[in-house]
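Take a look at the structure set out below.
Just so you know, all these numbers are worked out from the coordinates, no wet-lab data involved. On a predicted model such as this, the values are computed, not experimentally measured, just so you know. Backbone-built Cβ (ideal geometry, glycine too); neighbour counts: all protein chains shown.
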Amino acid sequence: MISRRLLFSVMIPALVALSTTSASAAPLKVVASFTVLADIVRQVGGDHVTVTSLVGPNGDPHEFEPSPSDARALNSAQVAFVSGEGLEGWMDRLISASGYHGKPVVVSEGIKVRTMDEDGQTVTDPHVWNSPVNVKVWVANIEQALAKAAPADAAAFKTNAESYLKKLSALDAYAHSKLETIAADHRKVLTSHDAFGYFGREYGVQFLAPVGVSTESEASAADVARLIGQIKAEHVKTYFFENSNDPRLVRQIAKATGAEPGGELYVESLSDAKGPAATYEKMFRYNVDLLVAAMAKAT
Ligand SMILES: [Zn+2]
């Protein structure tokens with residue numbers, strides 16, 4: 001009963017919003033692979049799109065079990081967006097299962113990606129969004145794809161994209177100004193998996209993590225032992241949990257090294273609407289504030 005009432009309270013404003021938007025066409029039906037990307041598509045699309053995120057809030061975008069309703073959402077989508085670079089390993093299977101005929105737009109195309117060696121293989125780091133400089137490339141790709149799908153709304157997409165690019169520049173400047181207050185040799189933290197490489201590259205922070213760039217891989221005992229040695233040698237004092245990942249391993253390493261908890265970072269998934277990271281903008285500022293507070297305390 002409660003859930004039905006909730007459903008109606010969500011649906012009614014949505015219906016009202018639909019009926020009062022553009023007199024021209026119905027909003028474009030869009031699917032995005034995960035919440036961070038869905039938010040950016042909403043920022044660019046505005047009232048002219050309805051966006052469904054396949055992976056939900058606090059969900060892990062690497063490992064995902066799509067449901068029949070995800071297949072239906074994809075099947076009826078006019079445009080589908082993925083980040084790419086190996087993030088959504090489950091997407092091809094979902095495309096075949098859903099009968100979707102289009103090809104998803106890969107928004108990370110054009111970003112200068114990081115590659116690293118993982119167990120003898122060169123892998124690409126898919127976590128591009130943790131630098132707002134990279135998200136500007138997403139915005140350009142999203143604007144182009146939406147304008148192609150709904151040419152009548154191209155001017156609106158352009159206006160929205162331009163105003164969001166300004167917000168991304170502000171986020172970048174904010175991170176630079178906050179991180180610059182921390183001495184370079186104190187910018188070191190421990191996280192669950194290697195998801196902050198682009199953030200580290202942009203703002204000069206060293207992130208240590210037991211698990212590689214995908215949560216699908218597992219750290220070996222030797223990896224963990226090496227990391228504990230490195231944390232002690234480099235005097236890393238703070239560790240962080242992630243909203244979408246298992247905290248056990250990072251907690252175990254912290255215990256072995258004496259690192260203190262710094263809080264919960266939103267690395268690859270937004271919070272729900274009531275949480276502190278309901279949009280990308282909020283997520284990024286929240287992470288910067290949490291990281292800076294912890295590093296300042298550890299100095
Ligand atoms: Zn990840």
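If the only charges are +1 at each Lys and Arg Cβ and -1 at each Asp and Glu Cβ, what is the size of the charge dipole of the chain around the Cα centre, to the nearest 20 debye?
780 debye
For the chain, modelled as a Gaussian network with Cα springs under 10 Å, which listed residue fluctuates most, Ala225, Ala175, Ala80?
Ala225
So if I restrict to the alpha-carbon atoms in region 40-128, what is the Rg, and what is Dmax, the biggest pairwise distance, in Å?
14.3, 47
Would you work out the charge dipole size for region 175-297 about its Cα centre, treating the Cβ of every Lys and Arg as +1 and the Cβ of every Asp and Glu as -1, and quote it to the nearest 20 debye?
420 debye
Taking the Cα centroid of region 28-84 and of region 160-224, what is the distance between the two, rounded to the nearest whole Å?
After rounding, the separation between the Cα centres reads 24 Å.
How large, in Å, is the chain by the Kirkwood hydrodynamic radius built from its alpha-carbon pairs?
About 20.3 Å, per the Kirkwood formula over Cα pairs.
Considering only DSSP states other than H, G, I, E and B, which trypsin sites (Lys or Arg not before Pro) in region 106-139 qualify as loop sites with at most 11 other Cβ atoms within 10 Å?
Sites meeting the loop and neighbour criteria: Lys112.
Quick one: net charge of Ala140's neighbours, Cβ under 12 Å, K/R +1, D/E -1?
-1
So what's Rg/Rh here for region 175-297, counting alpha carbon atoms and using the Kirkwood radius for Rh?
My calculation puts Rg/Rh at 0.95.
How large is Rg over Rh for region 242-299, taking Rg from the Cα atoms and Rh as the Kirkwood inverse mean of 1/r across Cα pairs?
That ratio equals 1.01.
What is the chain's relative contact order, in percent, from Cα pairs under 8 angstrom and six or more apart in sequence?
So the answer I get is 17 percent.
Could you tell me what fraction of 2.2 N^0.38 Å the Cα radius of gyration of region 17-173 comes to, as a two-decimal ratio?
1.06
Using +1 on the beta carbon of Lys and Arg, -1 on that of Asp and Glu, and nothing else charged, what's the dipole of region 17-173 about the Cα centre, debye to 20?
Rounded to the nearest 20 debye, it is 700 debye.
Add -39500 (n - 2.57) for each DSSP H run of 4 or more in the chain, then divide by its residues: what number comes out at 222 nm, to the nearest 500 deg cm²/dmol?
Result for the chain: -15000 deg cm²/dmol, rounded to the nearest 500.
Would you list the membrane-span-like helices of the chain, meaning whole DSSP H runs whose alpha-carbon atoms span at least 30 Å along their axis and whose mean Kyte-Doolittle value is at least -0.5?
Qualifying helices, which must be both long enough and hydrophobic enough, are 154-179.
Just the number: Rg to Rh for region 216-267, Cα atoms, Kirkwood Rh, two decimals.
With Rg and the Kirkwood Rh in hand, the quotient comes to 0.96.
Which lysines, on any chain, are close to Lys29 with Cα under 18 Å apart, when same-chain ones fewer than 8 places away are left out?
Straight-line reach from Lys29, under 18 Å: Lys103, Lys148.
Could you tell me the center-to-center distance, by alpha carbons, between region 265-291 and region 91-124 in angstrom?
24 Å
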